[in-house]
Amino acid sequence: MNASVRRPLAFAPLSVCDPIVADLPEAAPIDMPVQSLWESARRRRRMAPGTAQGWRVAALSAITLAMTVPATAVLASGLRVDGLSVLDFALLVVFALLFAWTTFAFVSAAVGLIAVEEEAEDCLDPAEPVPTLASRTAVLVPVYNEDPRSVFVRLRAIAASIAETGQAHAFALFVLSDTTKAEIRVAEQAAFRRFKGSGTGVEAYYRHRPENIDRKAGNIADWVRVFGGAYEQMVVLDADSLMSGETLVRLAGAMERNHRLGLIQTLPTLVNLTSLFARAQQFASRLYGPMLARGTAWWSGPQGNYWGHNAILRVKAFADQAGLPHLAGRRPFGGHIMSHDFVEAALMRRAGWEVRMATKLGGSYEESPPTLADLMARDRRWCQGNLQHALVVPARGLHWVSRLHLVRGFCAYLTSPLWLALLVIGAILSVAPKLGAYQAANATAADLNHRSAALTAVFAISMGMVLAPKLMAFGVAMVRRETRVAFGGLRRALMSLLAEIGLSALIAPIMMLSQTRALADIFLGRDSGWSAQTRKEGALSFREATRRHRVDTLFGLVLAAASLSASLATFLWLSPVILGLLSAIPLAVLTSRQDLGLKALRAGLFLIPEERAPPPLIRHVSALMAWPSDFSFDAASAWLISGGKVEPMFG
């Protein structure tokens, strides 16, 4: 791994005839050395105690082991009649790995149900007073071939929200463009001029790089090296991110008060989604996400993680420690680090800076891929980026919890071929019992009953742990009347829960094959490239869905035929997987439709609190987006304030 690579800064020449675009602040350079993964941190603070996280992770691991061992033993007793064959052993190993993975996630979620995690600072609790800031914070928005209208509508709403706090002087907005298409760049600059003239009182700047060196990580690093010295903190957003002014002030206030903090990650809520697929994702994230985040924050503590957006970072800490080296070798494993966020957090923690998650703080939002196809495309890039982390895990000096985050990241993708292996081995043993130890001719009725009972018990426990976090989150949400009403009431919320469980069960085997193919591509040396993420919602054609999912359908047919040839019971066991694969094409088409998503919204299905009672920031964005394409920011805002209605809204 080459730790000495220094990338040159790359900025587009500023146009003298475009004074607003060229109106960048005075440079305030700061050194950002490239870090070595094989040497200790150059500057190291005294690390905050992590003993609490030690016993917490140990407790979770012990519970995971205590549940995995007996479950595997039960399965072994069911498979063993005349001894275990090689295939039986393979099945047990794969099952044990998957069961341990599922159990750890379940226990972490269960902890999130009851854990009351202390925030890094009181001001991160929405019930506490909003602090008054003494420092300066830059809000960075990297863009790459995005829709300029959508980007600057969100920025206008963010800027107006900051102004409402009365602390606009403490913030500056930077649009950091890596856009490669000339027509989009021209539109970006036109949109920026309009935004700049909207009079929010928040400083705003636009900068374009003609060379996209190291992608988003390089974009942020270039800004840090040129302008970072003028700001104590920076908030990194994505093009589809939203953060309220109050949330930004609270985050900056926490960094001012606690000088051990290097990074605070918020929990973004998915909003503004209309396709049926995206609305189901939005509901699941809103209902289950807070509980899962609390569990992770409980065992991570100051060794938290970073998701690359909707977070605040201390500029000096980031500059000192997060200069990323290139990994040795060719792509897809070598080169610049694609999923840079996990690694940046690990390097900052290595130097003693606290990396925490704010689990109570709201006012942080984002969007998600509108269709299953778009999710799979994004997931392919994430898969490659996370696999690179396998080369970072042995880096010198990393905290062991940081290593755990990295391992969990790439293992999330490795579980897909394991699930596939479990299905294939199980199908082989069912179709050809002579390949295994189970000999039907020699089995007694008691053997058959024991085997069936063991397999049923293991399957029931496994599915129970998959569903339990969803049911627990639903139960907690329904206890309080105000939360119950915010999700549309008990009946609608229950319908949404059941629909989401059914939809996710159908999608799971499709994602299993997609991630397995992605892994195969990567190990064969195929790079994912870098394309702009799809954010506009549009229905997927039947032809395109057929092209994307024909292999899934074919595999479903093969699995159905193989299981039916074994027995009806085997087919029934595998029916959820078979149904998901066989329905891949129509499912991709139907869930991509906005009209079905809006019908579900009007019926109260997949409703979230931010739709029942939209916060001002969400209402502001909706109002601006509803205005004609030649809109005026001020006119749209005045229309909203005067009582303008935004559709679609529930109730």
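The values are calculated or read from the model by the stated rules, or taken from the named source; none is laboratory data. Treat the numbers as computed from the prediction; the structure is a model and nothing was measured. Heads up, the Cβs are rebuilt from the backbone with ideal geometry, glycines too, and the neighbour counts pull from every protein chain shown.
Is there any pair linking a residue in segment 183-195 that is surrounded by 18 or more Cβ atoms within 10 Å (Cβ to Cβ) to one that is of a type in the set (F, W, Y), with Cβ under 6 Å and at least six apart or on different chains, and which? If the second residue must be of a type in the set (F, W, Y), the pairs left are A191/F152; F192/Y206; F195/F152. Residues that are among the β-branched types (V, I, T) and either out of contact with any Pro (no Cβ under 6 Å at 6 or more places or on another chain) or more than 17 Å from L422 (Cβ to Cβ) (or both) within segment 510-525 comprise I510, I522, listed in sequence order.
With respect to the conditions (1) surrounded by fewer than 24 Cβ atoms within 10 Å (Cβ to Cβ); (2) more than 22 Å from L113 (Cβ to Cβ); (3) at pLDDT 95 or above, L263 falls short on a single one, namely (1). Selection of strands (runs of 3 or more DSSP E) fully inside segment 190-294 by the criterion of at least 3 residues being within 30 Å of E500 (Cβ to Cβ) returns 261-266. The requirement of being of a type in the set (V, I, T), part of a helix (DSSP H, G or I) and out of contact with any Phe, Trp or Tyr (no Cβ under 7 Å at 6 or more places or on another chain) is fulfilled nowhere in segment 589-602; no residue meets it.
A quick yes/no check of all residues on (1) in contact with a Cys (Cβ under 8 Å, 6 or more places away or on another chain); (2) farther than 25 Å from A105 by Cβ:
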position: E344; (1), (2): no, no
position: M357; (1), (2): no, no
position: A395; (1), (2): no, yes
position: Y413; (1), (2): yes, no
position: S416; (1), (2): no, no
position: G426; (1), (2): no, no
position: S430; (1), (2): no, yes
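For segment 489-516, the tally of residues that are over 23 Å from A109 (Cβ atoms) and touching a residue at least 24 places away in the same chain (Cβ under 8 Å) stands at 6.
Restricting segment 199-241 to residues that are closer than 27 Å to T165 by Cβ and surrounded by fewer than 18 Cβ atoms within 10 Å (Cβ to Cβ), which is modelled with the lowest pLDDT? Filtering segment 199-241 for residues that are closer than 27 Å to T165 by Cβ and surrounded by fewer than 18 Cβ atoms within 10 Å (Cβ to Cβ), the one modelled with the lowest pLDDT comes out as G199. Can you name the residue in segment 279-301 that is within 21 Å of R403 (Cα to Cα) and of a type outside the set (A, V, I, L, M, F, W, C) and is also nearest to the chain's Cα centre (by Cα) among such residues? For segment 279-301, the residue satisfying everything is T296.
Each residue in segment 153-189 was checked for being polar (S, T, N, Q) and in a helix (DSSP H, G or I), and 2 of them qualify. Among the residues making up segment 172-214, those that are at negative phi and among the small types (G, A, S) are A172, S177, A182, A187, A190, A191, G197, S198, A204.
For R356, the conditions (1) crowded, with 22+ Cβ neighbours inside 10 Å; (2) at pLDDT 95 or above; (3) assigned to a helix (DSSP H, G or I); (4) in contact with a Leu (Cβ under 8 Å, 6 or more places away or on another chain) are fulfilled apart from (3).
Scanning segment 363-404 for residues that are of a type in the set (G, A, S), free of Cβ contacts under 8 Å to residues at least 60 places away in the same chain and surrounded by 18 or more Cβ atoms within 10 Å (Cβ to Cβ) yields a total of 1. Of the residues making up segment 162-179, those that are without any contact (Cβ under 8 Å) to a residue 40 or more places away in the chain and either surrounded by 20 or more Cβ atoms within 10 Å (Cβ to Cβ) or closer than 16 Å to Y206 by Cβ (or both) are L173, V175, S177, T179. Restricting the search to segment 146-156, which residues are out of contact with any Asp or Glu (no Cβ under 6 Å at 6 or more places or on another chain) and over 19 Å from A252 (Cα atoms)? E146, D147, R149, S150, V151, F152, V153, R154, R156, listed by residue number. Please verify whether segment 50-70 includes one or more residues that are modelled with pLDDT under 65 and not aliphatic (A, V, I, L, M). Checked against the condition, which is being modelled with pLDDT under 65 and not aliphatic (A, V, I, L, M), segment 50-70 yields at least one hit. Just to be sure before I move on: is L579 crowded, with 21+ Cβ neighbours inside 10 Å and touching a residue at least 12 places away in the same chain (Cβ under 8 Å) in the structure I sent? So L579 does not fit the description; no. Looking for something assigned to a strand (DSSP E or B) and among the β-branched types (V, I, T) - is there at least one such residue anywhere in segment 308-322? Checked against the condition, which is being assigned to a strand (DSSP E or B) and among the β-branched types (V, I, T), segment 308-322 yields at least one hit. Just to be sure, is L261 of a type in the set (A, V, I, L, M, F, W, C) and under 20 Å from the mean Cα position of the chain (by Cα)? When the stated conditions are applied, L261 does not pass them. Within segment 53-80, residues that are crowded, with 19+ Cβ neighbours inside 10 Å reach partners that are among the acidic types (D, E) with beta carbons closer than 7 Å, at six or more positions or on different chains, in the pairs L79/D88. Looking at the structure I just gave you, is L276 modelled with pLDDT of 95 or more, buried (at least 22 other Cβ atoms within 10 Å of the Cβ) and within 23 Å of V407 (Cβ to Cβ)? Taking the combined requirement at face value, the residue does not satisfy it. Inside segment 486-497, residues that are out of contact with any Pro (no Cβ under 9 Å at 6 or more places or on another chain) and either farther than 15 Å from G604 by Cβ or part of a helix (DSSP H, G or I) (or both) make up a count of 8.
When residues of segment 469-484 are filtered for being assigned to a helix (DSSP H, G or I) and either among the charged types (D, E, K, R) or surrounded by 16 or more Cβ atoms within 10 Å (Cβ to Cβ) (or both), how many remain?
Of the residues in that region, 11 qualify.
Can you name every residue in segment 358-410 that is among the aromatic types (F, W, Y) and under 24 Å from F333 (Cβ atoms)? Selection gives W382, W400, F410.
This table checks each residue for (1) in a helix (DSSP H, G or I); (2) over 28 Å from V355 (Cβ atoms); (3) in contact (Cβ under 8 Å) with a residue 24 or more places away in the chain; (4) in contact with a strand residue (DSSP E or B) (Cβ under 8 Å, 6 or more places away or on another chain).
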| residue | (1), (2), (3), (4) |
| --- | --- |
| L113 | yes, no, yes, no |
| C123 | yes, no, yes, no |
| T132 | no, no, yes, no |
| N145 | no, yes, yes, no |
| R149 | yes, yes, yes, no |
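With respect to I30, is the statement that it is surrounded by 13 or more Cβ atoms within 10 Å (Cβ to Cβ), closer than 30 Å to F171 by Cβ and modelled with pLDDT of 55 or more true? So I30 fits the description; yes.
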